[in-house]
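Participant: This is the structure I want to talk about, given as structure tokens.
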Amino acid sequence: MERAVQHMAGFLAAGFLVVAAVLGLWQAVLAGELRSSPLNPRQIDWAREVQLGQMFDRQGRLLVGTAGRSPQFHRVYREPSLAPVVGYRSLRLGLSGLELTYADYLRGDGPGDPI
């Protein structure tokens, strides 16, 4: 009986060590990646409340804009034929195309003019 208790204690201790190692990995190594992940609920809430920048073509025509009022902004895509290049911004699917490439600039977090 005593041997079974020792085995159970060792098993529980090993389990706690695994959990501690995974939590340490998340906090120390993957923190930045997890913070900026489009699946992060804070990013999703923040994305609804921020009015994003616009995208124009080289003739100055609006390709992508933001409509609505805070806290329920949504993107408006004026030229559907450019969807493969412009990409999309979706709370369910994330980002793609130029929406992904210039996400920092569209949010106002970029270091300056990207072009």
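Participant: Measure nothing but the geometry: give the 0 to 90° angle between the long axis through the Cα atoms of 2-24 and the longest principal axis through the Cα atoms of the chain, rounded to 10°.
Facilitator: Helix 2-24 sits roughly 20 degrees off the main axis of the chain.
Participant: Output ³J(HN,Hα) for the range 87-98: one whole-Hz value per residue in order, computed from phi by the Karplus curve 6.51 cos²θ - 1.76 cosθ + 1.60 with θ = phi - 60°, and x for Gly and Pro.
Facilitator: Using θ = phi - 60°, the values come out as x, 8, 10, 10, 5, 8, 9, x, 10, 8, x, 5 Hz.
Participant: Continuing with the same structure: So if the hydrodynamic radius of the chain is defined as the Kirkwood radius over C-alpha pairs, what does Stokes-Einstein give as its diffusion coefficient at 4 °C and 1.567 mPa s, in µm² per second?
Facilitator: For the chosen part, D equals 74 µm²/s.
Participant: Using the Cα centre of the chain as origin and beta-carbon charges of +1 (Lys, Arg) and -1 (Asp, Glu), tell me which of SER96, VAL64, LEU23 is placed farthest towards the positive end of the dipole.
Facilitator: Selected residue: VAL64.
All of the numbers you see were taken from the coordinates with simple rules; none came from a lab. Computed from a predicted model, the values in this text were never measured in an experiment. Please note: Cβ atoms are built from the backbone with ideal geometry, for glycine as well, and neighbour counts cover all protein chains shown.
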